[in-house]
Amino acid sequence: EENDQNVLHKDASPVYQTDVNGDTGGSNTIRKGLLPEKKVVYVCSADFLSECDRIAKVPFRASITHALIEAYGLLSRMSVVPPKPATFEEICHFHSTDYIECLQRLCQDDDPDKYDEEAEEFGLGYDCPADEGVYDSASWAAGGTLTAAEHLVSGQCSVAINWAGGWHHAKRDSAAGFCYINDIVLGILKLRTKYDRVLYVDIDLHHGDGVEDAFCATSKVMTVSFHKYSPGFFPGTGNLSDTGIGKGAGYTVNVPLNEGCQDENFYRVFEKVMDIVKIKFDPEAVVCQCGADGLAGDPMDSFNLTTLSLAKCVQYLLNWSVPLLLLGGGGYHIPNTARCWTHITSVVTGTKLSSDIPEHRYFTLYGPDYDLMISPGNRADTNTPSHIKNVIAQISENLENLQ
Ligand SMILES: CC1(C)CN(C2CCCC2)C(=O)N1c1ccccc1/C=C/C(=O)NO
Ligand SMILES: [Zn+2]
């Protein structure tokens, strides 16, 4: 069958380097990307996809993304691992039991007037509704991230992927920004059972406030968030001056950017900041939230990125050759989000892909170009050279003082 998982897409050819004996091809050839065969874990199962398809604001995004990754033949280059939903106990390694009990109660209640005072206290209500199925999909997404992190901790892989994770706004005792369970914090806590210094990187359009809040007072986890920062834009936090507290002073890094940010500026800032982070923090493991709502064409209509800069950011982190956990996040133009995370999956597996979207179940979503790549819109990048220069200068000054 054309899409047999063992048949790489017609134009896809693994990018080979010569192997130790100088010849290319053959089973012992080392693939580019420094990852031997099957050292990438990809969390997925039919149950997992159907549960994550129910995440309210991104309907069927999990299945659409998976189908494109499968259509390009990338599953055969990874170890596909089925996750379990996170248990109440696992979830409460970060979240308060009062909040999670309230979330469970409200999700089981079909009374439209169920949002009592307690609900409001936990951020549950009209902005973060606790509808039927919300607890289940959030606990499955969190289980996916925990399963991915466990495979890194056990040494079974060097890169682990959960495209249904990345819910960075959820707080210890409240939902926020349509995030209910902070799978990222749970994943970082799991990595911390083995690694002394864990780095969190967030390239979603929005500030990764929930993860920053969780680790702002510790020097063991550094959080670095690149995001749009402007008056009235959600969540409103993540300014340059937001650098951590107590023992964590200096271990919170925020990179505030303006409207219209394009690939060139985004990657230039990313590379400059991460060069310093690598030297000053020298992480033993990295978690990257790859939210795709900064892409051109997203209904957020804020940044003007293409998948090229987001994929280059991930390639940059891959080159550090430390355990890497890749997660999803925002991304409301669902075909573009699928394009982005498929592109990143191809980078991680060292696979060149044809830009022609392969025929598959959701092919029609990719019209009218049916092209894997997206083009930037023609909105101006309002990040002036002096803004970029000032942000980088301020951050390197903040990090200079790090012991
Ligand atoms: C409801 C959604 C999540 C979707 N959406 C747009 C896109 C498509 C339809 C409107 C928003 O602005 N949202 C939000 C509403 C309130 C607070 C936060 C967000 C988004 C957070 C986020 O993406 N973090 O990474
Ligand atoms: Zn976002």
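The values are calculated or read from the model by the stated rules, or taken from the named source; none is laboratory data. Please read these numbers as outputs of a predicted model, since none were measured by experiment. We place every Cβ from the backbone using ideal geometry, glycine too, and count neighbours over all the protein chains shown. Only protein heavy atoms, including side chains, enter the accessible area calculation; ligands, DNA and RNA are left aside. Shrake-Rupley method; radii C 1.70, N 1.55, O 1.52, S 1.80 Å.
Counting only the Cα atoms, the range 204-302 fills a convex hull of 96 Å³ per residue. With the Kirkwood sum run over all distinct C-alpha pairs, the range 231-278 has a hydrodynamic radius of 12.3 Å.
Here's how it looks for VAL80: its modeled amide H is under 5 Å from those of TYR42, which are all 5 or more places away or on a different chain. Summarise the long-distance tail of P(r) for the range 39-179 by giving the % of C-alpha pairs beyond 18 Å. Value for the range 39-179 (Cα pairs over 18 Å): 57 percent.
Protection proxy ranking, highest mean first, for peptides 186-196, 127-137: 186-196, 127-137, where packing is the per-residue count of other beta-carbon atoms within 10 Å, averaged. Label-to-label distance, ALA249 versus ASP369, with points set 7 angstrom from Cα along the beta-carbon direction: 4.9 nm. For the pair SER355 and GLU264, label points projected 7 Å from Cα toward Cβ lie 1.9 nm apart.
Extension gain for GLU397-GLN156 works out to 83.0 nm (0.36 nm per residue, less the C-alpha to C-alpha distance). Translational diffusion of the range 144-230, estimated by Stokes-Einstein from the Kirkwood radius over alpha carbon pairs at 25 °C in a medium of 0.890 mPa s, is 184 µm² per second. Adding -39500 (n - 2.57) for every DSSP H run of four residues or longer, then dividing by how many residues the chain holds, sets the calculated 222 nm ellipticity at -10500 deg cm²/dmol.
Cross-link pairs exceeding 27 Å between alpha carbons, from the set LYS84/LYS190; LYS247/LYS280; LYS190/LYS352; LYS84/LYS194; LYS171/LYS352: LYS190/LYS352; LYS171/LYS352.
Kirkwood Rh over Cα pairs of the chain into Stokes-Einstein at 37 °C, 0.692 mPa s: D in µm²/s? This corresponds to a translational diffusion coefficient of 154 µm²/s.
Annotation: HIS343 carries an accessible surface of approximately 30 Å², with a 1.4 Å probe and no ligand, DNA or RNA atoms counted. D by Stokes-Einstein for the range 310-359, Kirkwood Rh over Cα pairs, 10 °C, 1.306 mPa s: 133 µm²/s. Whole-percent P(r), the range 267-334, all Cα pairs, 5 Å bins from 0: 4, 16, 24, 24, 16, 10, 5, 1.
Accessible surface ranking for VAL322, VAL80, VAL253, 1.4 angstrom probe, highest first: VAL80, VAL322, VAL253.
The residues of the chain expose on average 41 square angstrom of accessible surface per residue, using a 1.4 Å probe on protein heavy atoms. With the convex hull drawn over the C-alpha atoms of the range 68-136, the volume per residue is 135 Å³. With R₀ fixed at 22 Å, the C-beta to C-beta distance from TYR126 to SER50 puts the FRET efficiency at about 0.25. The range 375-391 and the range 261-316 have Cα centres lying 14 Å from one another.
Between amide H atoms placed 1.01 Å from N, distances below 5 Å from ILE181 occur with no residue 5 or more places distant or on a separate chain. On full extension, the segment bounded by GLU284 and ASP136 gains 50.1 nm, given 0.36 nm per residue less the C-alpha separation. As a fraction of the 1.4 Å probe accessible area of the chain, surface on carbon and sulfur atoms comes out at 51 percent. When DSSP beta bridges are restricted to pairs lying wholly in the chain, around 15% turn out antiparallel. Computed with a 1.4 Å probe over protein heavy atoms only, the accessible area of ARG197 comes to about 60 Å². The modelled label-to-label distance for the pair TYR115/TRP320, using points 7 Å beyond Cα in the direction of Cβ, is 3.9 nm. Put TYR366, TYR316 in order of accessible area, highest first, and with a 1.4 Å probe you get TYR316, TYR366.
For the range 259-389, a/c is not less than 1.5, where a ≥ b ≥ c are the root eigenvalues of the C-alpha gyration tensor, and a/b does not top b/c. That puts it in the oblate class.
With contacts taken as Cα pairs under 8 Å and at least 6 residues apart, the chain reaches a relative contact order of 18 percent. For the range 163-243, the relative contact order works out to 26 percent when only alpha carbon pairs closer than 8 Å and six or more residues apart are counted.
Multiplying the residue separation of ARG197 and LYS84 by 0.36 nm and subtracting their alpha-carbon distance yields 38.0 nm.
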